[in-house]
Amino acid sequence: MGTFGGHALPGSFFIIFSLWWTVQTFRRYYKSLKKGSPPYKSSVTFKPDCLPCEKCKNLELEGILKVAFTTLGLVLEVITAYKDGHFTHLGNGQHATMFFFFGLSGVVDILMHHGAPLPENTDYAISCLSFIVEDVLFMFHLHGRTKLDVILHTLLLYVVHACVICVLFEVRFRNNVVVALARSFLVLLQGTWFWQVGFILYNPNPNAIPWKDEDHNEIMLATMIFAWHLAIDFILILVIGLLVKMLGPFCCLAGTNKSDGAFNHVRYDQVKLITTNAEINHLPVLDESESEEEFNATKP
């Protein structure tokens with residue numbers, strides 16, 4: 001990640017997924033408010049029911065994209081870590097480890113989508129573990145860095161701390177839409193801040209004025225920019241919610257597709273037993289000539 005691209009790739013990963021989660025969370029929430037709809041319940045992933053292809057709507061697209069993004073990031077980190085045939089950049093190894101765990105999260109999403117016999121909330125567990133690993137890796141990733149670099153990544157650490165806590169809360173409060181939106185907001189903040197760190201430390205514009213690594217004023221400016229990221233990302237979440245509400249009746253945001261249920265994964269204790277035709281044919285029928293007591297006596 002010691003390049004602009006190294007920060008832009010994970011930043012894009014977080015931004016894309018957070019925006020998708022935000023849209024789908026609002027869709028599911030607004031649909032739950034309709035009469036006769038099941039109550040809101042959050043999930044780690046959402047079905048891509050806005051796609052025109054019917055077969056694609058049943059794909060675990062999020063899991064596939066997670067694996068694709070993280071595989072690309074992992075391979076690039078490993079390749080750029082070698083110098084003269086030796087793995088010399090341990091920082092790249094830490095980044096590759098982070099990508100691996102998020103990729104593993106995608107694999108679990110795919111397995112659960114296809115009904116693998118995994119315990120309930122395994123997808124939440126691996127998602128939380130991914131953020132914990134990211135947290136630990138970045139916590140011990142700052143030795144020997146400049147003051148500005150340390151501050152930039154410390155602010156990122158605060159966001160990752162919050163992500164871990166938020167995922168744990170979401171497991172406990174699955175019917176609370178605010179907790180689900182908080183996860184989307186924090187992941188979005190991670191993404192936009194990754195991009196910002198890339199521009200501050202590795203600005204691709206050769207004419208850009210470099211930041212002064214040890215200047216206290218520059219550090220104050222960086223923290224102020226972080227606060228503005230908080231505000232802008234929060235406003236963006238609200239705007240998306242309003243757009244989903246207003247545009248829902250006119251496009252796929254309405255969530256009327258049959259594949260858009262309140263739950264992503266079917267649990268056996270939620271499946272209702274359906275009486276077979278054979279059982280129906282053998283059910284006794286009340287005859288007009290007999291009393292209710294006689295009818296009850298004929299029941300199996």
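Just so you know, all these numbers are worked out from the coordinates, no wet-lab data involved. As the structure is a prediction and not an experimental result, all values here were calculated from the model. Glycine gets a Cβ as well: all are built from the backbone with ideal geometry, and neighbour counts include every protein chain shown.
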For this session: Could you tell me which numbered condition HIS95 fails, if it satisfies all but one of (1) more than 25 Å from GLN24 (Cβ to Cβ); (2) out of contact with any Gly (no Cβ under 9 Å at 6 or more places or on another chain)?
Result: (2)
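Given the criterion touching a residue at least 12 places away in the same chain (Cβ under 8 Å), out of contact with any strand residue (DSSP E or B) (no Cβ under 7 Å at 6 or more places or on another chain) and of a type in the set (D, E, K, R), identify the matching residue among ARG145, ARG183.
Exactly one residue qualifies, and that residue is ARG183.
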Problem set entry | Pair list, Cβ < 6 Å and 6+ apart or interchain, from the stretch 106-128 residues that are touching a residue at least 60 places away in the same chain (Cβ under 8 Å) to residues that are among the small types (Gly, Ala, Ser) and in a helix (DSSP H, G or I) | ASP109/GLY63; SER127/SER105
Exercise. Picking from HIS161, HIS143, which residue would you name as being surrounded by fewer than 18 Cβ atoms within 10 Å (Cβ to Cβ), more than 15 Å from the chain's Cα centre (by Cα) and in a helix (DSSP H, G or I)?
Worked result: HIS161
Problem set entry | All positions within the stretch 9-22 that are more than 11 Å from LYS66 (Cα to Cα), surrounded by fewer than 19 Cβ atoms within 10 Å (Cβ to Cβ) and not aromatic (Phe, Trp, Tyr) | SER12, LEU19
Seminar exercise, completed: If we keep only residues of the stretch 28-50 that are touching a residue at least 12 places away in the same chain (Cβ under 8 Å) and either hydrophobic (A, V, I, L, M, F, W, C) or touching a strand residue (DSSP E or B) at 6+ places or on another chain (Cβ under 7 Å) (or both), then the residue farthest from VAL179 (Cα to Cα) is CYS50
For this session: Scan the stretch 206-218 and report the pairs whose first residue is under 10 Å from LEU148 (Cα atoms) and whose second residue is outside any loop (DSSP other than H, G, I, E, B) and of a type in the set (A, V, I, L, M, F, W, C), with Cβ atoms within less than 7 Å and a gap of 6+ or a chain change.
Result: TRP211/LEU148; TRP211/ILE200; ASP213/LEU148; GLU218/LEU148
Problem set entry | Given (1) assigned to a helix (DSSP H, G or I); (2) within 30 Å of THR25 (Cβ to Cβ); (3) in contact (Cβ under 8 Å) with a residue 60 or more places away in the chain, number of the condition LEU76 does not satisfy | (2)
Seminar exercise, completed: Filtering the stretch 168-190 down to residues that are loosely packed, with under 15 Cβ neighbours inside 10 Å and assigned to a loop (DSSP other than H, G, I, E, B) yields PHE173, ASN175
Problem set entry | Residues (more than 18 Å from GLY5 (Cβ to Cβ) and surrounded by 14 or more Cβ atoms within 10 Å (Cβ to Cβ)) located in the stretch 191-211 | TRP211
